[in-house]
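Down below is the structure, laid out as structure tokens.
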Amino acid sequence: MVKRSLSTIRDLVARERLGAVVTIISGPGTGWRTVLEAGKGVVSGELPPDIAEDVLADAEQLMAREQSRTLTYGDRALFIETVAPPPLLLIFGAGHNAQPLVTVAKLLGFTVVVADARALWATGERFPDADEVIVGWPDAVFADRNLDHRTYVVLLSHDPRFEDPVFAAVKGAPVRYIGAIGSRRTHRARVQRLGVAGWSDEEIDRIHAPIGLDIGAETPAEMAVSIMGEIVQARYGAGSGLSLRGTGGPIHPGRTVEEVGSAQG
């Protein structure tokens, strides 16, 4: 049973599929392990029939958020551990702000692609941590990529000639995050262009601009922290972006399940 579960997990990882491993950690059936695949349900093992429906529903929610939790069902406690392929970060614009952003994103486990039409800027030497550096216009990036909820898009170019093709490609796509650099005045002009291009107010509201959390960032490295902080917040759909110091109650208010493996302890 354990060998078959491990084989199924390896298969999920090899195919870069989203899944979860459900393990009964206390109560009847302790040690029972089941492997799920998002959208398919059980792919190895089985769930106790009396709680199967509830576990599947909770697991689908956790997989969508790429979170792992211990949940209690009657006299059983189950650990639902999400198995997720690396999220994809597409960075458009290979200027100085992009360099530390790539490094921080890689430290956080992202697959990172950098694109810029300027060959002198988009080089492997300038971006040694990037998984791929593309010299070209945005069409070259989107040609063979499936944009899904694990895709994050960052625009670090102020040039509408480079921005607008990116927006055209992501319009209507289920990407998790779209962020764009620039002042509030720059974004107002951007909003006007997108309105003319047929973007609704709801679609425009999905764009994080000015990009990043307000931490008083000044340097490119500090901006990278600000941007990745906002991306992490969007990834898990939680957090206020405010300082934890001085707050009472749970670190993550509103969560009703026990957090497992938290660095906060």
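Derivation of every value follows stated rules applied to the coordinates shown; laboratory data play no part. All of these numbers come straight from a predicted model, not from anything done at the bench. All Cβ positions, glycine included, derive from the backbone under ideal geometry; neighbour counts span all protein chains shown.
Could you work out how far helix 52-65 tilts from the main Cα principal axis of the chain, as a 0 to 90 degree angle to the nearest 10? Between helix and principal axis, roughly 20 degrees.
For the chain, the relative contact order works out to 15 percent when only alpha carbon pairs closer than 8 Å and six or more residues apart are counted.
The angle between the Cα long axis of helix 2-14 and the longest principal axis of the Cα atoms of the chain comes to about 10 degrees, rounded to the nearest 10. For GLY27, neighbours were defined as the other residues whose beta-carbon sits under 13 Å from its Cβ, and their charges (Lys and Arg +1, Asp and Glu -1) total -1. Our estimate of slack between ASP164 and HIS149, defined as 0.36 nm per intervening residue step minus the Cα-Cα distance, is 3.3 nm.
The stretch between ALA197 and ALA119 holds 25.2 nm of extra length on full extension. This uses 0.36 nm per residue minus the Cα-Cα distance. Evaluating 6.51 cos²θ - 1.76 cosθ + 1.60 at θ = phi - 60° for every residue in segment 100-115, the Karplus couplings come out as x, 5, 4, 4, 5, 4, 5, 4, 8, x, 7, 7, 10, 10, 10, 9 Hz, glycine and proline recorded as x. GNM on the chain, alpha-carbon springs under 10 angstrom: the most fluctuating residue among ALA140, ALA59, ALA180 is ALA140. Taking the Cα centre of the chain as origin and assigning +1 to Lys and Arg Cβ atoms and -1 to Asp and Glu Cβ atoms, the resulting dipole is close to 260 debye. Each Cα pair under 8 Å and six or more residues apart adds its separation to the average, and for segment 88-236 the resulting relative contact order is 24 percent. Candidates SER5, ALA221, PRO48 compared by Cα position along the dipole of the chain: farthest toward the positive end lies ALA221, with charges placed on Cβ.
Annotation note: trypsin sites (Lys or Arg not before Pro) in segment 123-173 located in DSSP loop regions with a Cβ neighbour count of at most 12 within 10 Å are ARG145. Helix 184-196 and the longest principal axis of the C-alpha atoms of the chain enclose an angle of approximately 80°.
First measure r as the distance between the Cβ atoms of ASP75 and TYR236, then evaluate 1/(1 + (r/R0)^6) with R0 = 25 Å and state the FRET efficiency to the nearest 0.05. The computed FRET efficiency comes out at 0.25. For segment 88-236, the dipole from Cβ point charges (+1 on Lys and Arg, -1 on Asp and Glu) about the Cα centre works out to 200 debye, to the nearest 20. Of interest is the spacing of the C-alpha centroids, which for segment 203-248 and segment 57-105 amounts to 16 Å.
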